[in-house]
Amino acid sequence: MSIANTSAPAETLKVWPRLLRVESLRDFANLPERTLLHAGPPFAAPEHAPAPILQSAALVAVAEGMAADVASARAAIAAGDIALAPAQDYGVVVPLAFIAGPSVPGLVVGDAGAGGDAVERFSPLNDGPPPAALRFGTGSADGLTHLAAMGDVVAPALRSALAAPIDVVPLMAAGLAGGDDLHGRVASAQSAMREALPPLGAEAEAYLDAAGQFVLNLLMAAAAVILARAGEQGGADMVIAAGGNGVDFGYKTAAAPDRWVTRPATIPEGPRFGPDKHETLPAIGDSAVLDVAGFGAAALRFSPELVTAYRGLADPAYETASAHAPFRFAHPDLPFEGLALGLDLARIADAPVLGVQLAALDAHGEKGIIGRGIAPWPRG
């Protein structure tokens, strides 16, 4: 599904994200001692972190040997003895309420650039399906089983099989052509990724079968690389990082790459799963980088499945090419009508819609994922 956009950008973004290697976070980033990474901007204080973040952080602290049990981990986090820090400050992107510790294995995506410095971003391996996965913030101890499988089975298999880099742009193109927006729906990109990967062995293949959104973390890292290059090529008003922490939504610009601009996070508006009503956590997750790159909510029209799911619940402008009005660049290998990459803040004033498509989590960290929605961009 494509809709012509007469204002499509003339500028071309020069970027070619590639999956380079699989390694632990400690090998990728120089983390301070006893530090765990979370999505979005920093918290004013540890006690301001929402329940899903605190529950995941406590489990990861135990898994990392920073605390003997969940209770002592919670106490150490509250006292600041275990620090919580924004993942994107270290070139890392994490989904939802996932917490990354030093030993977590992840995917490193990079772009050598045409005459520029190398850019690399890291995203942890997808931690499996609900309900136990840590990214859903329920605090289920079964989430540690997922972490163990990531480190003991999947990461070694991927590391051994990755004889050469894997280009991510063709996976994106296959996803968009197959009905993905590359955030809320990634089924076609997942299939393309599975075809691009060499055989991994029975256990790792079974993990990927269960983790149907495994490709999402790869796409997140690729989107973060795209934003870095868009910031270099587009100027001061380009957004180069974005995410929600369940309390605030934040972003960084090319003009001030070390400074978070924060606003109260908005609630994802969209369908909920099941008849029960639960309080929805405000926007959470570094997967916002996908939407800021130009996928997700702005690309909703390429996914008939999502258009149907959101009809009557989201602004109909998301079904048109006008959703890409605030984005700056075309990409020569993503030849979809009206698709543009790189959010330019100088263009958002006249944008009919701007939002981030996210999973909706239970605010109290009890039910995990309760739906999905588009969180409006916090303006002002």
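The values are calculated or read from the model by the stated rules, or taken from the named source; none is laboratory data. Keep in mind that this is a model prediction, so the values were computed, not measured. FYI the Cβ positions are ideal-geometry reconstructions off the backbone, even for glycines, and counts take in every protein chain you see. We work out accessible area using only protein heavy atoms, side chains counted, and drop any ligands, DNA or RNA first. Shrake-Rupley method; radii C 1.70, N 1.55, O 1.52, S 1.80 Å.
So the values come out like this:
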quantity	calculated
Strands (runs of 3 or more DSSP E) wholly inside the range 186-284 containing at least 3 residues that are closer than 29 Å to Arg311 by Cα	239-245, 248-253
Condition check for Asp276: acidic (Asp, Glu) and either under 14 Å from Trp377 (Cα atoms) or modelled with pLDDT of 95 or more (or both)	no
Residue match in the range 152-168 (condition: in a loop (DSSP other than H, G, I, E, B), in contact with a helix residue (DSSP H, G or I) (Cβ under 9 Å, 6 or more places away or on another chain) and on the phi < 0 side of the Ramachandran plot)	yes
Total residues in the range 185-204, condition out of contact with any Phe, Trp or Tyr (no Cβ under 8 Å at 6 or more places or on another chain) and under 18 Å from Ala221 (Cβ atoms)	6
Some residue of the range 231-250 being among the β-branched types (Val, Ile, Thr), open to solvent by 10 Å² or more (accessible area, probe 1.4 Å) and closer than 26 Å to Ala173 by Cα	yes
First in the range 17-41 and in contact (Cβ under 8 Å) with a residue 24 or more places away in the chain, second anywhere and surrounded by fewer than 17 Cβ atoms within 10 Å (Cβ to Cβ) and basic (Lys, Arg), Cβ under 6 Å, 6 or more apart	Val22/Arg159
Breaking point among (1) at positive phi; (2) more than 19 Å from the chain's Cα centre (by Cα), for Gly246	(2)
Pick from the range 267-307, criterion of a type in the set (Val, Ile, Thr) and within 20 Å of the chain's Cα centre (by Cα), ranking: surrounded by the fewest Cβ atoms within 10 Å (Cβ to Cβ)	Ile267
